[in-house]
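The values are calculated or read from the model by the stated rules, or taken from the named source; none is laboratory data. Please read these numbers as outputs of a predicted model, since none were measured by experiment. Every residue, glycine among them, receives a Cβ derived from its backbone with ideal geometry; neighbour counts consider all protein chains shown. What goes into the accessible areas is simple: the full protein's heavy atoms, side chains included, and nothing from ligands, DNA or RNA. Shrake-Rupley method; radii C 1.70, N 1.55, O 1.52, S 1.80 Å.
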Amino acid sequence: MTDDPLLFLALLACAAVLVVLLLGINAFRKGGPEASRQSNKFMQWRIGLQALAVVLILIFVFFRQQSGG
């Protein structure tokens, strides 16, 4: 299971979500109008990456069930 490329991609997408979330929180913490725009942009990226991560996880689960694993 650990050598499955779909699992690796799903975990990579989850890590990307975490990184972008932390960047967005850090930008929000700084304050100001520019930081607010930057934080908003990071959170928009987070939503897209999170959707990608969920889709990859669902595809992984689907193929694991099909293969009997």
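Using the Karplus curve 6.51 cos²θ - 1.76 cosθ + 1.60 with θ = phi - 60°, work out ³J(HN,Hα) for each residue of the range 17-33 in order, rounded to whole Hz, and write x for Gly and Pro.
With coefficients 6.51, -1.76 and 1.60, one gets 4, 4, 4, 5, 4, 5, 5, x, 5, 5, 5, 5, 5, 5, x, x, x Hz.
Leaving ligands, DNA and RNA out of it, report the carbon-plus-sulfur percent of the accessible area of the chain at a 1.4 Å probe.
Of all accessible area on the chain, carbon and sulfur atoms account for 71 percent.
What does the charge count near Ser39 come to, summing +1 for each Lys or Arg and -1 for each Asp or Glu among other residues with Cβ under 11 Å from its Cβ?
Net charge around Ser39: +4.
Within 15 Å, Cβ to Cβ, of Ala10, how many net charges do the neighbouring residues add up to if Lys/Arg are +1 and Asp/Glu are -1? Before the final figure, lay out each step's value.
Values: positive: Arg64; negative: Asp3, Asp4.
Once all neighbours under 15 Å are counted, the net charge is -1.
Rg to Rh ratio, the chain, alpha-carbon atoms and Kirkwood radius? Numbers along the way, then the final one.
Working: Rg = 15.7 Å, Rh = 13.2 Å.
Here Rg/Rh amounts to 1.19.
What FRET efficiency would be calculated for the residue pair Phe62, Leu18, taking the C-beta separation as r and a Förster radius of 30 Å, to the nearest 0.05?
After rounding to 0.05, the efficiency reads 0.80.
Over the chain, average the accessible area per residue using a 1.4 Å probe and give it in Å², no decimals.
Ligands and nucleic acids excluded, the result is 75 Å² per residue.
Tally Lys and Arg at +1 and Asp and Glu at -1 over the other residues with C-beta under 15 Å from the C-beta of Ala27: what net charge comes out?
It works out to a net charge of +4.
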